[in-house]
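Asker: This is the structure, below, for whatever I ask next.
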Amino acid sequence: MLSANPECGGVRFVWNPPPFHGNIYRIKYQNELLYFAGSSNFSKRGLFENLEFTCKITDLPTINQTEAYINWLLTDNISVNFDKCESFPIVKSVKANRKKINFLKVETKPIINSTIPYLDISLARVDRQQRSNLNAFFGKGRWNRKTGIVIPRDWFEVEIIVDVATTKNPIYPKGDFIAYTDDDLVFPCRTQGDYHKNFRSRDDLKILGHWIKGKLQQKGVLELFEPVTSQTLEEYGKNYIRMYKLSNYDYYLEF
């Protein structure tokens, strides 16, 4: 469905429900406080797939509500500015935990050429997976039935849900396999669940996450505890993992 606004001469794609990306901004300009709601990401997803807009807040009641909400968020019992933190144990814990991941280095790098079959595992749905897949950290934690305690997920924990069309490709791995990466690492992986659609690192879900998010961090497009979005992948330059089949149990991953 197309929606056109004659007053602004624009046309946008509309469907229900569209993913909405919203923020609140308070900007001080020439001793005046200005308030805006929404967001405007000038990317492929921002322009054509998400519901993106920015609206200046002008009516006084909404301005007062916005100001009160922002001030509430910034109170010390709700949030703490990084500048006021002498230490951040959670960040230190995650950084220390990352050092415990021991990747094996490839002794003999696989030779990849045009004769080796491959498929692409799409990550393009990441904006619709804000609490799963690459963003499992923001979803529900693990509930221990015996203790009733919910344990938060690690930021590096990922489990990619592959679309059914890709899982039906005869190249797609079924069960356990060894992954060799384009940066000379090797680690065990597994596909499981219906249609083997759950793609994960075996034994430790953080291993695959370290590889993917580590690359995003090295490129400078992702910071610790940030969600992975379509804009993250666009800035990285790739929104898929290419998987070459070396044998029934060996695959080469590019990202």
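Asker: Quick one: V228, V150, fewest Cβ neighbours within 10 Å first, how do they rank?
Answerer: V150, V228
Asker: Give me the one-decimal nm value for the distance between modelled label points at T58 and N31, 7 Å along each residue's Cα-to-Cβ direction.
Answerer: 2.4
Asker: Could you please report the charge total around I116, scoring K, R as +1 and D, E as -1 over all other residues with beta-carbon less than 15 angstrom from its beta-carbon?
Answerer: Here the count lands on -1.
Asker: Shifting gears a bit: Going by C-beta contacts inside 10 Å, put R142, R26 in order with the fewest on the left.
Answerer: R142, R26
Asker: Another question, if that's okay. Over region 96-254, what is the mean sequence separation of C-alpha contacts under 8 Å (at least six apart), divided by residue count, expressed as relative contact order in percent? Please list the in-between numbers first.
Answerer: Numbers: 266 pairs, mean separation 45.4, N = 159.
Rounded, it is 29 percent for region 96-254.
Asker: Shifting gears a bit: Over all alpha-carbon pairs in region 121-231, figure out the percentage whose distance exceeds 20 Å.
Answerer: 45
Asker: Shape of region 152-194 from its Cα gyration tensor (a ≥ b ≥ c, root eigenvalues): rounded if a/c is under 1.5, otherwise prolate when a/b > b/c, or oblate?
Answerer: oblate
Asker: If packing is taken as the mean number of other Cβ atoms within 10 Å per residue, what is the order of 108-117, 178-187, 56-65, highest first? All intermediate terms of the calculation are to be shown ahead of the outcome.
Answerer: Values: 108-117: 9.7, 178-187: 18.1, 56-65: 11.2.
So the order, starting with the most tightly packed, is 178-187, 56-65, 108-117.
Asker: Based on the Cβ-Cβ distance from N81 to I111, what FRET efficiency comes out when R0 is 45 Å, to the nearest 0.05?
Answerer: 0.30
Asker: For region 107-163, what is the relative contact order in percent, using Cα pairs closer than 8 Å and at least 6 residues apart in sequence?
Answerer: Once divided by the residue count of region 107-163, the mean separation gives 27 percent.
Values in this text are rule-based calculations from the coordinates and carry no lab data. The structure presented is a predicted model; accordingly, all values stated were derived computationally and were not measured. Neighbour counts run over all protein chains shown; Cβ positions are idealised from the backbone, glycine included.
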